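Data first, discussion second: the structure below is written as structure tokens.
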Amino acid sequence: MPAKPLVQYFALGGTIATMPAESGAMKQGLGADDLIRMVPALADVADVRGETVARIGSSNLTVDVMLQLAQRVEALADAVGVVISQGTDTLEETSFILDCVLAPSLPVVFTAAMRNPRLTSADGAGNLLASVRVAASPWMRAHVGAIGTVVTFLDHVYAPFDVVKSETSRIDTFRSPATGPLATLIEDRVIPLSLPVRDWKRAVDAALGAKPAARLLAAGRKPVALLWAAMDETGGFLDALLADPAHLGYAGIVFAGTGGGHVPETLVERVERLNRSLPVLIAPRTGAGPLLASTYEGPGSEIGLRQAGLIFSGRLHPLKTRLLLELLLRGGVDRAGIARVFAACG
Ligand code: ASP
């Protein structure tokens, strides 16, 4: 019998790894080996080697934890692919961090569960099995350079750049509104649907250099604040940021602009003033779709904001714009370099 492929599995916690507490509620607790034992069918697909990295809810994960994990992935010498399970809440962010910093040499697949193991039709076991299938899939392995890190959920494979958790509790919460999935699973097969556009990744690689995880980790935090444009907002946070010479400890700001990338007129002067001392990026508040460049003029319009030197994030979601800006700032990339990367984001 031919040897089965070896898949490395890192477990970080989340609903997929919860167990009943005495109170009757669910608590964090299961590790990688517990989860592997819960899915005997994994043995038909691969040898799965488990390691428990954390047993925490995903809103407690940090950029540093993900950069450390990226280094662990880089150091793997024997596995054909990697599966990482965690909570769904920040899956679109963590998977994007790894996609930004890893040179895709083997499939890296994130997964999670919406229904905890005690519920009828819990989805963790199926998602773990599908993810191992994707990690060991010859199609993924052949095209990994073009695909990068992926998210596998409910028998679909998604690109981190596009995927979002779209609903609080539905099992089909993960979607890529702009592009749809990269692949789908049926029976024991991974069916390719499309390859992602990765100009943004080439721009990130050019800005951060090869294998940046260790350097970005050593550089330490460069916190980026995420503010949302909203009708009739008074701008108190902008006042506080402007009043403090250290800008409350933030190294950059992402401002989720309305529609095609607009800021209410009452806030424009403060947003533009802030941009003179630290990079302020405009990202799409809608969460999807490219931003305008040349349609509207006047204060707070995309033409006015671009003329004032604000960098637009392309079609990258504000949450991911925030993370990419922090990675670039950790990497010491200057404003021109930051603008080049986001110009490649759509
Ligand atoms: N709160 C959980 C988490 O993100 C939710 C989940 O796993 O779906 O860790």
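Just so you know, all these numbers are worked out from the coordinates, no wet-lab data involved. Given the structure is predicted, the values throughout are model-derived calculations rather than measurements. No Cβ is skipped: glycine too gets one built from the backbone with ideal geometry, and neighbour counts run over all protein chains shown.
Below, the figures for the structure above:
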item	result
Set of region 268-286 residues, backbone N closer than 17 Å to the point 7 Å along the Cα-Cβ line of residue 243	270-271, 274
Prolate/oblate/rounded call for region 213-346, Cα gyration tensor, a/c under 1.5 rounded	oblate
Inter-centroid distance (Cα atoms) of region 245-260 relative to region 169-210, Å	28
Inter-label distance, nm, simple model (7 Å from Cα along the C-beta direction), residue 206/residue 75	3.3
Global form of region 9-128, assessed from the alpha-carbon gyration tensor, a/c cut-off 1.5	oblate
Lysines whose Cα lies under 24 Å from that of residue 165, excluding same-chain neighbours fewer than 8 positions away	27, 201, 320
Max mean-square fluctuation residue, GNM over the chain, Cα-Cα springs under 10 Å, options 278, 98, 325	278
Residue among 59, 95, 105 with the largest mean-square fluctuation in a Gaussian network model of the chain, springs linking Cα atoms under 10 Å	59
Region 23-100-region 111-155 distance, computed between alpha-carbon centres (Å)	11
Shape of region 150-234, Cα gyration tensor, a/c cut at 1.5	oblate
Residue with peak Gaussian network fluctuation, the chain [Cα springs, cutoff 10 Å], from 168, 88, 184	168
Two-site FRET efficiency, residue 265 against residue 294, from Cβ-Cβ distance with R₀ of 22 Å, rounded to 0.05	0.70
Relative contact order (%) - the chain, alpha-carbon pairs under 8 angstrom, separation at least six	13
D_trans [Stokes-Einstein, Kirkwood Rh over alpha-carbon pairs] for region 43-88, 25 °C, 0.890 mPa s, µm² s⁻¹	200
